[in-house]
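One structure is given below, encoded as C-alpha cells.
The values are calculated or read from the model by the stated rules, or taken from the named source; none is laboratory data. A quick note: this is a predicted structure, and the numbers were derived from the prediction, not measured. Quick reminder, even Gly has a Cβ in these numbers, built from the backbone with ideal geometry, and neighbours come from all protein chains shown.
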Amino acid sequence: MTKHSAFARALRAGAAAVALAVFAAAPAMAQKVVNVWHTEPNPRTKAVIDGIIADFEKENPGVKVVQEALAWGDLDKKMQAALASGAFPEVAHGQAYNERSLSAKGLLRPMNDVIASIGEQDIFPVVRKLNYNEKEKTYYGLAHAVGVDLTIYRKDMMREAGLDPEKAPATWREWIDQLKKLTDKSKGRYGLSLAGPGFFINEDIYMWVGSNGGRLFDEKGRPTFTEKPVIETLEFWKELADCCLAPDWLSRGYLDTFGDLATGKAAMIVGWGRGTDYFEQYAPDAVAKGDIGVFKTKPVGPSAGGKPFLTQFDSEAWMIFKNSKHPEEGAAFLKFFHRADNYLKYIQSVPVHFFPVTQSLRTDPRYLATPAFQKWKFWVDAQHEVIEKYEPKPVMITEWKDLDFPFIAELANSTILVDMVTEVTRGQRTPVEAARRAQQRAEQLITQLGYRKW
Amino acid sequence: MSTTHRSSPLGPLNLPRPEPRERRVPEHLWGYVLVAPAVLLVLGLILYPVGYSFWLSLHSKHAYMPIETFIGFENFVWIWEDEDFWRSIRLGMVYAFGSLSLQIVVGVGAALLLNQSFVGRGFVRALALFPYMMPTIVVVILMRWIFNDSYGVAKFLIEGSGLMARAPVFFDPDHVMLTMILASTWTFFPFVVIGVLARLQTIDLELYAAAKVDGAGVLRQFWHVTLPQIRGVLFVIVLLRFMFMFTKFDLIWLFAGAGGLGYFVRTLPIYTFVKSFGELQVGFGAALSVIMFTMLSAFAVVYFRLFRRDEHA
Amino acid sequence: MNPILRIFLERAAVYLGAALLAFVCGFPLFWMALTSIKPDREIITATPSFWTGAAHLDAYRRLFDQTKFEAYFVNSVLVAGGSTLLTIAVAVLAAYGITRFRFRGRESIATVMLFTYMFAPIMIVIPFYIMMRKLGLANSHLGLMLSYTSFSLPFSMWLLRSFFQSIPIELEQAAMIDGASRPQAVVRVVVPMALPGVIAVSIFTFIVAWNDYLFARVLIGKDDLKTLPLGIQDLYESSVTDWGMIMAAGVVITIPALVFFAMVQRHLIAGWGAGGVKG
C-alpha cells in the first residue's frame, strides 16, 4: 500500500479511537464519583459496605461511591501515587499518625459536621481524645472502629505447665518466668509468638516502652531512644528472643502467630479480636473447651514506677481529603455510614475486633445480640474494660502530645525502630549501641524532612 | 544478498503504479516508519519517568507535597555517607550474583538434560517451564507455605527422610537470603532453559560426531562443542537476568517485607522503596535509582567490552 | 569402560535427572492442588499428610462465591492478551524495519532499547502513574497494557531482530519476482517462518503481563478491573487467611497457563532457537 493511504487509514483509526474513548467516558462524567479507600479487604466487610453504598446511592441519586479495599502495605503505594498526581480519594483510612501528618500539611477537610451528626458526646471519651486536634480545635478524622490489643493465651497449655490460667502476669519478670515454663524447645513449643513485620515491631516497642514508664519523644519532638526505659525494653526483648521466641519469629506474619496459638506451637500471643474467626476455623476443639483466653491487663516493666500498662488502640481513622473532587459528598457518605443501622452492620462484619466508637451502639441490644458474642463475650468485655480504665493509645504514641508531631508516619515506616530491635535481638549490637544509632538516624530523618525543632 | 546497482534491496517490482510519474519512496523512510511505533512507545512511556527521576534526584521533596527544594548533589552526599546504603549494595550483589549463577547453572543443566531424548520428555519439559508461569505472589505464598517451620512440608520431608536431623529454619535471619535465592532460581531458571534449549536444538550434530572421533568424552564435548555454540545466547541471558535480579523488587518485598526479616535482605530496590514510600523522601529515592541506573550501565558497558563477539549488532 | 555399561549409566543419569527436575518443579504444584482440596483441619497440622481421604471442592466454591475471582481472571486474560497482541504488532514491524532497510542508527536501536531495563520499575511507577493520569488512562486496562508492552518491547525486538536476520531476504525477493507485492510476500513467506519467534515473544509478554503486581496495584483501583495477582494478594491479606482458598486460587491461575504452555512449548523452543542462531 502506498504511504498516503496507509497514513490516511492510520489517521482515521486514531480519530475513531479518540471518539470512542470520549464517548465511553461521557456517562461517567455526569455522575459524581466518591472514592472510598479502606483497609478491610475481607469479603464480609466488603459485602457489607457494598450494601451500605447501594442504600446511600438510592438516597443520593447522581452520586456513585466506589470502595477500594487495600492491605496496609499497599496503601502506602497507592496513597503516594494518588497524592503525587493530585488524584486524591475522597475518603480514606489512615493510622492516627497518617491523619496527623496529612492534616499538618493542610490536606484534610475538617470533620466536625460528621462528628456532630453522630453526636459528639456519644463517642467514647478516649476516642474523642484520639481524634480531636487540640491545636486547631477541630476533628480531622474519626476512628472507624476501635479495638484493643490484648495478650491471648491457651489455658490448657498454662495448666500443663503448672501455671494458674487466670493469673495475668503483673511485671515483665513474672511474664518471662511464665513464658520460660511454657517453652519446650525440644518439642518445638514456645511461650510466646510475636509478629515479625516492621509494623508489628513498631507496635510492640511503643507499647512496651510505654508500659515501662518511658516515652519516645521529648516535648520538642526530639527522639528519646537512648533513655533508660527504652534500653530496658530492648534488653527485655533480647531476653525474650533468647528464651521464649521461635528462631524464625521475624518471619512470622501477624496471622501466623494466630496459627501458632491454634496449633499449640505457642502458648501466648498479642493481638486483637480478629483472631476469633481463625480460631474457630483452625482450632475448633480448643474453642469448644474454652481454652482460649485473654488477659485484661498487661505486665509492666521495671521502670514503670506505678504507672499502668500501655496497650494499643487499633483505631484507623476515616479522613476526608480537601482537594479531592467531591469532598462534600464524601462527608455525606460518612454521615450515612454512621447511622446506627449501617454502622451496626459494619461492626458486625468483624464482630469481636471491631468495637463501636459510640457508647449508644455498645449498649444497643442488637449489638449485644451479635452471634459471635455467645462464645467470645469475655473478649469484648475485656476490651471494653481496657478502653474505660486504661487509656490505650494508637501506634507510636506513648504520650498524647506525640500526636501533634508531623513526622510520626515517616518515622514509623522508615524501619529505624525496627532495625534497632532486629539488631539487638540478633546480637549484632548491644542495646545501647543500637539505640544510639537509631537515635542518630531518626534525628537525621526529622532534620531532612524539615521538622527539627530542637 | 543479490546486488544491483539500485540502492534498494527490493529488486524489480511489478506493482502497477497509480501515478505516471516514477516515484521511489526512499528506503530509510520506510525503516523509520516501521520502527517508529516501538521507539515512540518505549521512549515515550519510559523517557518521562526516567527524566523526572534524574531531575528529582537533585531536589528534596516530600511525597505528599507538590513542593520541591533544589539541593544540588546533597542527596548523593547523604547516600555516600549512608551506612545502610552500602549495606544494601552488598546485599543486592549477593542476591543478584547468587541467583544469577544458580539460574544459569541449573538452567543450562536442565536444558542439556531436556535436549536428550527419553520417554516422557514432553511432559517433563512442560513441567520444567511451569515455575516461570506463576505470578510472583503465588510463588511467594507457596514457598512460605512449603518452607514454613511449623507446618511446612519441606521440613517434614527433610527430617522424615533422614536427610538431616533438624531441617534448617528457612525463614530465620540466617537462612532467609539463601531461601530467597533458591526460590528465585526455582521461578526464573526456565527463562534460561528456553533460550539455551532452543539453541541446543540447532547445533549441528556433525560437530559432536567429529569430537567423538577425536576421542572426546562427555565433558570435553560440552566444553569444546556445546559451550562455544551457546555462548551467544548465554551472553544475552546473563545480561538480562543480572539486570532483572539486581532491580528485583516484588519477590523480595513479598517474601520479607521492609522491616524485621527484611533487614537481612534489604537490597537496593527495597531500600529505595523504604526511602520513597516509607520515609516519603522521594528526592532521596530518585537519587538512589539514578545510582542504580548508573551502576547497571557501567556493568553493561564493561560486560559488552569483555564478552561481546564480533558480529553485527 | 564397557560401552553397554556406559550407555546404561548415561541413560540412568538422564532418567534420574529428569525425575529430579520433574519433582522439584512439579511437587509444589501438586502440594498446592492437594492443599486446595483438603479439609481445613488437615491443612494446619504439625505433620502434613500427603493424601487426604476427605477431598472436597469447598475451597473452590468459597473462592468463586466470596470473591470476584472470575472477574479477576477475565481481566488478567484481557490485559495479558491485549498487551501480547500490541507487542507482537509493534515488535514485528520494528524488527522487520531494522533488518530489511538501511538507515542511520538501525544497528544500535535494539541494543539501546535494552538499556531501559536498567531502570528499576519501583522508581518508574509513580511518574508513570502521573503520566497515565494526564492521558486519562489511570484505572484502565489500556493504561496497563501500554505499560506491559513498553516493558516487553525491548526484549521482544532484540529477539525478533536476530530472528529476522536469519530469514534470508532471498525468500521475499523470490516471492516478489513471482508477482507478489511486498506486503503479500511478507505475509506469505516471512510470517510463517517467523511464527515460532512470534510465539516466543508472545509468551514472554504474556508472562510479564500475567505476573505483574506493582504496576497493576498502582494503576488499578476499581475492584472490577483488578487482575489476578492483586486478587490473590488481597485474599492473602484478608483478615482470616484461608489457606485452602488461597491454594485453590493458585491452582486456578496456574493450570490453564500450564496447559497452554504444554501445547505450545514445541514452537516456543524452536522459535528461540532459530532466533538465537546468530546469538
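For region C:141-253, the helices (runs of 4 or more DSSP H) that sit wholly inside it and include 3 or more residues that are closer than 18 Å to C:Leu85 by Cβ and out of contact with any Leu (no Cβ under 9 Å at 6 or more places or on another chain) are C:141-165, C:191-211. For region C:88-108, does any single residue satisfy the condition of being hydroxyl-bearing (Ser, Thr, Tyr), under 24 Å from C:His141 (Cα atoms) and in a helix (DSSP H, G or I)? No, the conditions are met nowhere in region C:88-108.
When region A:146-194 is filtered for residues that are hydrophobic (A, V, I, L, M, F, W, C) and at pLDDT below 90, only A:Val146 remains.
Contact map, region B:137-155: first residue closer than 17 Å to A:Leu250 by Cα, second residue part of a helix (DSSP H, G or I) and at pLDDT below 80, Cβ cut-off under 6 Å, separation 6 or more or different chains; pairs are B:Ile141/C:Tyr236. Applying the set (1) farther than 22 Å from A:Asp242 by Cβ; (2) more than 25 Å from the chain's Cα centre (by Cα) to A:Asp177 leaves exactly one unmet item: (1).
Taken over region A:148-202, the criterion of being of a type in the set (S, T, N, Q) and assigned to a loop (DSSP other than H, G, I, E, B) is satisfied by A:Thr183 alone. Only one of the numbered conditions (1) within 14 Å of chain C (Cβ to nearest Cβ); (2) modelled with pLDDT under 95 is violated by B:Asp82, and that is (1).
Would you check if B:Ala300 is out of contact with any strand residue (DSSP E or B) (no Cβ under 6 Å at 6 or more places or on another chain) and more than 23 Å from B:Val77 (Cβ to Cβ)? So B:Ala300 fits the description; yes. Of the helices (runs of 4 or more DSSP H) entirely within region B:224-313, those holding at least 2 residues that are more than 7 Å from every other protein chain (Cβ to nearest Cβ) and among the β-branched types (Val, Ile, Thr) occupy B:227-246, B:282-307. You will find that of C:Phe155, C:Phe119, C:Phe115, the residue that is of a type in the set (Phe, Trp, Tyr), surrounded by fewer than 19 Cβ atoms within 10 Å (Cβ to Cβ) and over 13 Å from C:Ala216 (Cα atoms) is C:Phe115 and no other. Within region B:61-79, can you find the residues that are small (Gly, Ala, Ser) and either modelled with pLDDT of 90 or more or surrounded by 21 or more Cβ atoms within 10 Å (Cβ to Cβ) (or both)? Once the filter is applied, which keeps residues that are small (Gly, Ala, Ser) and either modelled with pLDDT of 90 or more or surrounded by 21 or more Cβ atoms within 10 Å (Cβ to Cβ) (or both), region B:61-79 yields only B:Ala63. Going through (1) buried (at least 21 other Cβ atoms within 10 Å of the Cβ); (2) at pLDDT below 85; (3) away from chain B (no Cβ under 11 Å) one by one, C:Lys222 falls short only on (1).
I'd like to verify a number: residues in region A:64-104 that are part of a loop (DSSP other than H, G, I, E, B) and touching a strand residue (DSSP E or B) at 6+ places or on another chain (Cβ under 8 Å), how many?
5
Looking only at region B:44-51, decide whether some residue is closer than 30 Å to B:Arg199 by Cα and among the hydroxyl-bearing types (Ser, Thr, Tyr).
Within region B:44-51, the first condition is being closer than 30 Å to B:Arg199 by Cα, and the residues that meet it are none.
No.
Mind listing just one residue for me: the one in region A:376-429 that is polar (S, T, N, Q) and assigned to a loop (DSSP other than H, G, I, E, B) and, of those, surrounded by the fewest Cβ atoms within 10 Å (Cβ to Cβ)? Once the filter is applied, the top-ranked residue is A:Gln428.
Contact map, region C:179-199: first residue without any contact (Cβ under 8 Å) to a residue 60 or more places away in the chain, second residue surrounded by 18 or more Cβ atoms within 10 Å (Cβ to Cβ) and in a helix (DSSP H, G or I), Cβ cut-off under 6 Å, separation 6 or more or different chains; pairs are C:Ala185/C:Glu172; C:Ala185/C:Ala175; C:Ala185/C:Met176; C:Val189/C:Glu172; C:Val189/C:Ala175. Among the conditions (1) within 14 Å of chain B (Cβ to nearest Cβ); (2) in contact with a Ser or Thr (Cβ under 9 Å, 6 or more places away or on another chain), the only one that A:Glu232 does not satisfy is (1). Against the list (1) out of contact with any Gly (no Cβ under 9 Å at 6 or more places or on another chain); (2) modelled with pLDDT of 90 or more, the condition B:Arg121 fails is (2).
Yes/no per residue for (1) out of contact with any strand residue (DSSP E or B) (no Cβ under 8 Å at 6 or more places or on another chain); (2) at the interface with chain B (Cβ under 7 Å from one of its Cβ atoms); (3) over 17 Å from B:Val39 (Cβ atoms):
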residue: C:Phe103; (1), (2), (3): yes, yes, no
residue: C:Glu107; (1), (2), (3): yes, yes, no
residue: C:Thr111; (1), (2), (3): yes, yes, no
residue: C:Ile124; (1), (2), (3): yes, yes, yes
residue: C:Met132; (1), (2), (3): yes, no, yes
residue: C:Gly136; (1), (2), (3): yes, no, yes
residue: C:Leu146; (1), (2), (3): yes, yes, no
residue: C:Ser152; (1), (2), (3): yes, no, no
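Do you know which residues across region A:252-287 are more than 8 Å from chain C (Cβ to nearest Cβ), of a type in the set (Asp, Glu) and out of contact with any strand residue (DSSP E or B) (no Cβ under 9 Å at 6 or more places or on another chain)? Within region A:252-287, A:Glu280, A:Asp285 qualify. When restricted to residues that are more than 16 Å from A:Gln383 (Cβ to Cβ) and in contact (Cβ under 8 Å) with a residue 60 or more places away in the chain, region A:281-315 contains 13.
If the requirement is being surrounded by 21 or more Cβ atoms within 10 Å (Cβ to Cβ), hydrophobic (A, V, I, L, M, F, W, C) and farther than 19 Å from A:Tyr390 by Cβ, which of these qualifies: A:Phe313, A:Phe373, A:Phe354?
A:Phe354
Of all residues in region B:146-164, those being outside any loop (DSSP other than H, G, I, E, B), over 18 Å from B:Trp186 (Cα atoms) and within 8 Å of another protein chain (Cβ to nearest Cβ) number 1. Residues of region B:123-140 that are within 7 Å of chain C (Cβ to nearest Cβ) and touching a Leu at 6+ places or on another chain (Cβ under 8 Å): B:Val124, B:Arg125, B:Ala126, B:Leu127, B:Ala128, B:Phe130, B:Met133, B:Met134, B:Pro135, B:Thr136, B:Ile137.
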